[in-house]
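What follows is a single structure, written as structure tokens, with notes after it.
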2 protein chains.
Amino acid sequence: MALADAGALLRNENGIATVVSILKKRFGDNAQTGKSIREQHAHTTSYVPNQAPDLVVFAESAEDVQEVVRLCGEWQVPVIPFGTGTSLEGQVNAPAGGVSIDLSRMNRILKVYSEDLNVVIEPGVTRKELNEYLRDTGLFFPIDPGANASLGGMAATRASGTNAVRYGTMRENVLALKSVMPDGRLITTSKRVKKTSAGYDLTRLLIGSEGTLGIITELTLKLYGIPQAISGGICAFPDLESACNAVIETIQMGIPVARIELVNQLEMQAMIAYSKLDYEPAPYLFLEFHGSETSVAEQAELFGEIAAANGGGEFKWTANAEEREKLWSARHNSYFACMTLAPGKQSLSTDVCVPISRLAECIVATEKDIEKSGLIAPIVGHAGDGNFHVLVLFDEKDANEIEKVEAFVERLNLRAIAMDGTCTGEHGIGQGKIKFLRAELGGAVDVMEAIKRAIDPGNIMNPGKILRL
Amino acid sequence: MALADAGALLRNENGIATVVSILKKRFGDNAQTGKSIREQHAHTTSYVPNQAPDLVVFAESAEDVQEVVRLCGEWQVPVIPFGTGTSLEGQVNAPAGGVSIDLSRMNRILKVYSEDLNVVIEPGVTRKELNEYLRDTGLFFPIDPGANASLGGMAATRASGTNAVRYGTMRENVLALKSVMPDGRLITTSKRVKKTSAGYDLTRLLIGSEGTLGIITELTLKLYGIPQAISGGICAFPDLESACNAVIETIQMGIPVARIELVNQLEMQAMIAYSKLDYEPAPYLFLEFHGSETSVAEQAELFGEIAAANGGGEFKWTANAEEREKLWSARHNSYFACMTLAPGKQSLSTDVCVPISRLAECIVATEKDIEKSGLIAPIVGHAGDGNFHVLVLFDEKDANEIEKVEAFVERLNLRAIAMDGTCTGEHGIGQGKIKFLRAELGGAVDVMEAIKRAIDPGNIMNPGKILRL
């Protein structure tokens with residue numbers, strides 16, 4: 001299959017056999033070689049073909065991770081960290097085989113520092129587990145990439161999602177990491193402080209490195225007080241451009257929206273049908289405001305004025321939790337809603353991000369491109385950040401359609417890059433976007449390669465991801 | 001002189017002579033070897049002894065920087081980037097001689113993107129110049145380290161200051177950089193987007209690298225709308241601990257304070273005398289709120305309640321610009337106020353940062369330490385971030401006092417590190433804090449060294465800073 005096939009890398013058969021045999025003895029039931037479990041560890045929500053590892057080790061401690069990494073280093077065998085397998089660009093594939101280290105059992109919440117608004121956790125904790133645990137403290141962790149991903153994986157792919165417009169991404173919300181490096185040593189990248197000027201920012205270097213530089217074994221995350229009040233609502237617009245202009249003005253006026261999501265007409269049609277919403281199909285903005293009661297009311301009113309000035313329909317907002325939940329649950333179910341547009345088809349979720357001043361132009365051109373290509377591909381966007389997703393539906397047995405999808409994805413990425421944008425706002429490079437990274441950043445990729453070679457000279461950490469090494 | 005003397009590194013006399021001769025011919029009046037200009041380029045607001053470069057080149061373009069770097073690379077001669085010389089830990093010293101590249105003439109504001117809330121500038125633009133330029137756009141750049149530093153230098157030292165509690169530091173406010181790397185190549189670290197997951201975060205790697213990995217030649221910075229309303233005020237507390245508790249509660253309640261500064265009693269005495277303020281000496285908090293008129297009033301009232309609950313005096317706040325200016329100008333002049341505490345003495349400004357839950361403990365222990373040491377050393381802090389400064393006054397001709405100061409600074413840094421803190425919240429490592437970096441982060445420093453060696457194998461970029469290489 002052609003679509004995003006990164007190709008297999010050379011396998012070190014001898015090394016792999018040795019390591020598998022040693023680790024099976026050492027880890028017993030925590031080391032699994034069954035086909036289905038191996039395939040599951042390469043199977044993600046991605047369109048990228050499955051490349052299973054040779055062994056899955058369920059790590060229970062940083063020491064376990066160190067032991068596996070040291071052994072793999074000695075035998076030059078690839079190590080691929082695994083959280084929940086929700087990455088979208090083939091990040092957990094094993095193109096040269098090797099050992100998948102499953103971190104889901106390292107899921108302890110080690111310490112909540114309420115006064116400092118931070119928490120220390122193991123990497124296998126998922127975002128929902130963390131928020132469940134925090135519920136009684138009045139604190140929460142805002143980053144929400146949709147999937148109930150592990151926080152280690154979210155850091156490794158620099159994830160974000162709907163709340164990023166207000167709270168930032170994983171880049172802004174991780175204070176410190178512990179990481180097992182390719183030589184097996186465990187490092188601490190920073191102390192538990194809000195800011196520091198002490199040396200190179202290894203925290204940020206590991207965030208977004210997709211397991212190619214080290215395996216995160218502990219995270220210190222920022223927390224936020226649960227807002228006193230939350231209000232939200234949705235608003236229809238006559239066209240995408242007006243909706244984008246409303247977003248730009250909202251951001252520019254400094255209204256601290258917690259969420260401002262754009263849904264195109266096709267996507268809205270699917271959501272109306274799937275979630276039985278009583279709305280007319282049109283481009284919509286979904287909004288949420290966090291703050292005091294006065295503040296959320298003020299924010300909603302200000303946004304209402306901006307929407308009206310941009311030709312938007314009536315902005316009905318509510319502080320009623322149940323009504324809000326219904327709307328956001330429709331938004332969160334948009335993936336399933338879309339799938340009903342073409343039952344039986346496979347989906348490819350891709351993301352790009354542009355400066356918001358170019359968002360309308362980029363989305364409108366993309367909508368036209370979709371129409372011209374004859375594809376079914378609804379669009380949703382984290383509009384306040386200039387980030388949007390296209391969910392392309394295609395028949396994986398139709399070579400002609402696959403070719404069309406590939407060409408469309410390439411045009412989309414190059415279009416975003418040409419508009420001062422990036423080929424990925426939040427999904428990462430993985431295997432699927434390696435060629436676009438070079439198109440986007442040119443010679444900077446050589447510097448990334450130099451760093452990778454210096455930190456991982458044996459290229460054992462998640463090889464074949466981000467860089468062509 | 002013993003205090004923070006980093007020692008001279010080996011000089012490559014032959015290489016230096018060759019490079020100086022070539023560059024003088026090539027750059028004419030833009031290449032200066034006069035003693036006073038050379039000394040001025042190593043003279044900073046630092047206590048670290050002056051180590052002058054052999055030549056100062058005034059660069060006017062990235063191409064100039066590339067040319068100098070390439071030549072220095074060929075001859076293995078150190079290159080030290082220079083902005084305004086306001087760094088505090090010896091960052092612009094030339095311990096092995098070499099070429100200082102003065103970037104102050106690269107001070108063009110290249111493009112303001114109002115709709116996207118960002119701006120592209122050259123590195124020599126100072127923060128005041130930028131805000132002056134932006135005045136009519138309704139936008140501003142909030143990071144304010146006190147000194148009117150160049151924005152390139154602020155990025156290189158990961159600077160922050162009073163507004164960081166609300167707006168973050170340079171780490172959070174730089175979207176992309178252009179940088180001349182040690183091999184002379186010019187790279188772009190990121191596109192002009194609010195978020196991206198495209199490869200390693202070279203932007204953050206360069207921020208805080210203090211010119212040891214590359215020379216920043218262009219920055220894309222985030223901007224913010226000038227708040228509709230600003231209010232502020234100050235509040236006395238019976239002791240430091242109550243003041244710190246008021247800070248913790250303010251942050252924990254999610255009040256989005258723009259500034260929350262702690263001033264200890266000695267510092268306040270000096271400020272009262274110097275700026276003729278009508279207040280009683282005590283520990284004080286200085287506050288500023290940004291937002292809508294409703295919001296700043298609400299924030300100030302909420303803070304007033306918190307202050308009262310923590311034994312604070314009356315919180316008199318005002319939205320009157322003149323009254324606010326007077327207070328903040330007193331805060332900004334605190335350095336000069338302090339100097340009057342011991343006329344004729346030299347000053348050492350040092351900074352540490354701890355989790356705010358440890359701030360009271362750390363400052364109280366530090367006050368006691370100062371008293372016991374018989375030093376004059378007032379304290380001011382960016383309390384909302386757990387970051388504070390001690391300005392130690394000492395007689396540079398008194399060996400005994402210098403020894404006392406050195407021992408005090410060492411205890412202060414180790415105390416902060418032992419409290420989960422960092423040896424520098426915003427001044428950087430430079431030459432002065434190299435030994436504390438290792439105490440703070442241990443083996444992570446080896447990873448920093450590996451990165452430095454990979455990117456700058458000839459060790460020509462600002463050698464002798466951050467790392468012992």
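Is it fair to say A:Lys433 is more than 10 Å from chain B (Cβ to nearest Cβ), within 25 Å of A:Gln51 (Cα to Cα) and either basic (Lys, Arg) or free of Cβ contacts under 8 Å to residues at least 24 places away in the same chain (or both)? Reasoning before the result, please.
Working: more than 10 Å from chain B (Cβ to nearest Cβ): no; within 25 Å of A:Gln51 (Cα to Cα): yes; either basic (Lys, Arg) or free of Cβ contacts under 8 Å to residues at least 24 places away in the same chain (or both): yes.
Here the answer is no, as A:Lys433 does not meet what is asked.
The listed residues are A:Asn413, A:Asn400, and the only one of them that is assigned to a helix (DSSP H, G or I) and in contact (Cβ under 8 Å) with a residue 40 or more places away in the chain turns out to be A:Asn413.
The C-beta contact set for segment A:297-315 (first residue over 15 Å from A:Asn245 (Cβ atoms), second residue modelled with pLDDT under 95 and assigned to a helix (DSSP H, G or I), distance under 7 angstrom, 6+ apart or interchain) comprises A:Glu298/B:Thr294. Being farther than 29 Å from B:Leu285 by Cβ, more than 7 Å from every other protein chain (Cβ to nearest Cβ) and surrounded by fewer than 24 Cβ atoms within 10 Å (Cβ to Cβ) is not true of B:Pro256.
Restrict the check to segment A:213-230 and report whether at least one residue is at the interface with chain B (Cβ under 9 Å from one of its Cβ atoms), crowded, with 23+ Cβ neighbours inside 10 Å and modelled with pLDDT of 95 or more. Checked against the condition, which is being at the interface with chain B (Cβ under 9 Å from one of its Cβ atoms), crowded, with 23+ Cβ neighbours inside 10 Å and modelled with pLDDT of 95 or more, segment A:213-230 yields at least one hit.
Could you say whether any residue in segment A:100-120 is away from chain B (no Cβ under 14 Å), under 23 Å from the mean Cα position of the chain (by Cα) and of a type in the set (Lys, Arg)? Explain how you work it out, then say what you get.
Within segment A:100-120, the subset away from chain B (no Cβ under 14 Å) is A:100-109.
Next cut, under 23 Å from the mean Cα position of the chain (by Cα) only: A:100-109.
Within this subset, residues satisfying the condition of being of a type in the set (Lys, Arg) are A:105, A:108.
Yes, some residue in segment A:100-120 is away from chain B (no Cβ under 14 Å), under 23 Å from the mean Cα position of the chain (by Cα) and of a type in the set (Lys, Arg).
Of all residue pairs spaced 6 or more apart or on separate chains, those with beta-carbon atoms under 8 Å, a first member in segment A:131-145 that is free of Cβ contacts under 8 Å to residues at least 24 places away in the same chain and a second member that is part of a helix (DSSP H, G or I) and crowded, with 17+ Cβ neighbours inside 10 Å are A:Asp144/A:Arg127. Quick one: would you say B:Thr217 is assigned to a strand (DSSP E or B) and either outside the structural domain of B:Arg331 (by TED's automatic domain parsing) or out of contact with any strand residue (DSSP E or B) (no Cβ under 7 Å at 6 or more places or on another chain) (or both)? For B:Thr217, the condition - assigned to a strand (DSSP E or B) and either outside the structural domain of B:Arg331 (by TED's automatic domain parsing) or out of contact with any strand residue (DSSP E or B) (no Cβ under 7 Å at 6 or more places or on another chain) (or both) - is met.
Just to be sure, is A:Asn264 touching a strand residue (DSSP E or B) at 6+ places or on another chain (Cβ under 8 Å) and assigned by TED's automatic domain parsing to the domain that holds A:Gln299? Against the criterion (touching a strand residue (DSSP E or B) at 6+ places or on another chain (Cβ under 8 Å) and assigned by TED's automatic domain parsing to the domain that holds A:Gln299), A:Asn264 qualifies.
Has segment A:286-298 got any residue that is of a type in the set (A, V, I, L, M, F, W, C), over 21 Å from A:Ile226 (Cβ atoms), away from every other protein chain (no Cβ under 14 Å) and out of contact with any Lys or Arg (no Cβ under 6 Å at 6 or more places or on another chain)? No: zero hits.
Kindly indicate the residue of segment B:254-278 that is assigned to a helix (DSSP H, G or I) and of a type in the set (Gly, Ala, Ser) and also modelled with the lowest pLDDT among those meeting that condition.
Filtering segment B:254-278 for residues that are assigned to a helix (DSSP H, G or I) and of a type in the set (Gly, Ala, Ser), the one modelled with the lowest pLDDT comes out as B:Ser275.
Listed here are the residues, each with its yes/no results for (1) in contact with a strand residue (DSSP E or B) (Cβ under 8 Å, 6 or more places away or on another chain); (2) more than 12 Å from B:Val380 (Cβ to Cβ); (3) of a type outside the set (Val, Ile, Thr).
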site	(1), (2), (3)
B:Ala282	yes, yes, yes
B:Ser295	yes, yes, yes
B:Glu322	no, yes, yes
B:His332	no, no, yes
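Within segment A:121-134, being outside any loop (DSSP other than H, G, I, E, B) and more than 14 Å from chain B (Cβ to nearest Cβ) holds for A:Ile121, A:Thr126, A:Arg127, A:Lys128, A:Glu129, A:Leu130, A:Asn131, A:Glu132, A:Tyr133.
Of all residues in segment B:171-205, those satisfying the criterion of being at the interface with chain A (Cβ under 9 Å from one of its Cβ atoms), of a type in the set (A, V, I, L, M, F, W, C) and not in a loop (DSSP other than H, G, I, E, B) are B:Leu186, B:Ile187, B:Leu202, B:Leu205.
Taken over segment A:418-430, residues that are more than 7 Å from every other protein chain (Cβ to nearest Cβ) and either among the basic types (Lys, Arg) or in contact with a helix residue (DSSP H, G or I) (Cβ under 6 Å, 6 or more places away or on another chain) (or both) amount to 1. Residues considered: B:Gly199, B:Gly233, B:Gly214. Of these, the only one that is closer than 30 Å to B:Ile80 by Cβ, in contact (Cβ under 8 Å) with a residue 40 or more places away in the chain, out of contact with any His (no Cβ under 7 Å at 6 or more places or on another chain) and of a type outside the set (A, V, I, L, M, F, W, C) is B:Gly214. Of all residues in segment A:98-108, at least one satisfies being buried (at least 19 other Cβ atoms within 10 Å of the Cβ), part of a strand (DSSP E or B) and charged (D, E, K, R). When the residues of segment B:333-369 are narrowed to those that are in a helix (DSSP H, G or I) and within 14 Å of chain A (Cβ to nearest Cβ), which ends up surrounded by the most Cβ atoms within 10 Å (Cβ to Cβ)? Step by step, filter segment B:333-369, then rank; the result is B:Leu359.
Count, please, the residues in segment A:18-47 that happen to be assigned to a helix (DSSP H, G or I) and touching a residue at least 24 places away in the same chain (Cβ under 8 Å). I'd like the intermediate steps shown before the answer.
First, the residues of segment A:18-47 that are assigned to a helix (DSSP H, G or I): A:18-30, A:35-40.
If we keep only those that are touching a residue at least 24 places away in the same chain (Cβ under 8 Å) too, we end up with A:18-20, A:22-24, A:26-27, A:30, A:38, A:40.
Of the residues in that region, 11 qualify.
All of A:Gly153, A:Gly146 fail the test of being of a type outside the set (Lys, Arg), under 30 Å from A:Thr212 (Cβ atoms) and in a loop (DSSP other than H, G, I, E, B), apart from A:Gly146.
Mind checking whether some residue in segment A:324-332 is in a helix (DSSP H, G or I), among the aromatic types (Phe, Trp, Tyr) and closer than 24 Å to A:His290 by Cα?
Start the filter on segment A:324-332 by keeping residues that are in a helix (DSSP H, G or I), which leaves A:324-332.
Filter once more, keeping what is among the aromatic types (Phe, Trp, Tyr): A:328.
Narrowing the set further to residues that are closer than 24 Å to A:His290 by Cα leaves A:328.
Scanning segment A:324-332, I find at least one residue that is in a helix (DSSP H, G or I), among the aromatic types (Phe, Trp, Tyr) and closer than 24 Å to A:His290 by Cα, so the answer is yes.
Checked against the criterion of being more than 23 Å from the chain's Cα centre (by Cα) and at pLDDT below 95, segment A:384-396 contains one or more residues that satisfy it. Only one entry of A:Gly161, A:Gly146 meets the criterion of being at pLDDT below 95 and surrounded by fewer than 23 Cβ atoms within 10 Å (Cβ to Cβ), and that entry is A:Gly146. Filtered by the rule that a residue be charged (D, E, K, R) and either assigned to a strand (DSSP E or B) or closer than 18 Å to B:Ser150 by Cα (or both), segment B:109-120 gives a lone residue, B:Lys111. Might you let me know whether segment A:284-299 holds any residue that is touching a Ser or Thr at 6+ places or on another chain (Cβ under 7 Å), modelled with pLDDT of 95 or more and either closer than 25 Å to B:Leu117 by Cβ or assigned to a loop (DSSP other than H, G, I, E, B) (or both)? Scanning segment A:284-299 turns up at least one residue that is touching a Ser or Thr at 6+ places or on another chain (Cβ under 7 Å), modelled with pLDDT of 95 or more and either closer than 25 Å to B:Leu117 by Cβ or assigned to a loop (DSSP other than H, G, I, E, B) (or both). Of all the residues in segment B:436-469, those that are outside any helix (DSSP H, G or I), more than 9 Å from chain A (Cβ to nearest Cβ) and touching a Lys or Arg at 6+ places or on another chain (Cβ under 9 Å) number 4. The listed residues are B:Thr340, B:Thr366, and the only one of them that is within 29 Å of B:Gly168 (Cβ to Cβ) and touching a helix residue (DSSP H, G or I) at 6+ places or on another chain (Cβ under 8 Å) turns out to be B:Thr366.
The values are calculated or read from the model by the stated rules, or taken from the named source; none is laboratory data. Every value quoted in this text rests on a predicted model; they were computed, and no experiment measured them. Every residue, glycine among them, receives a Cβ derived from its backbone with ideal geometry; neighbour counts consider all protein chains shown.
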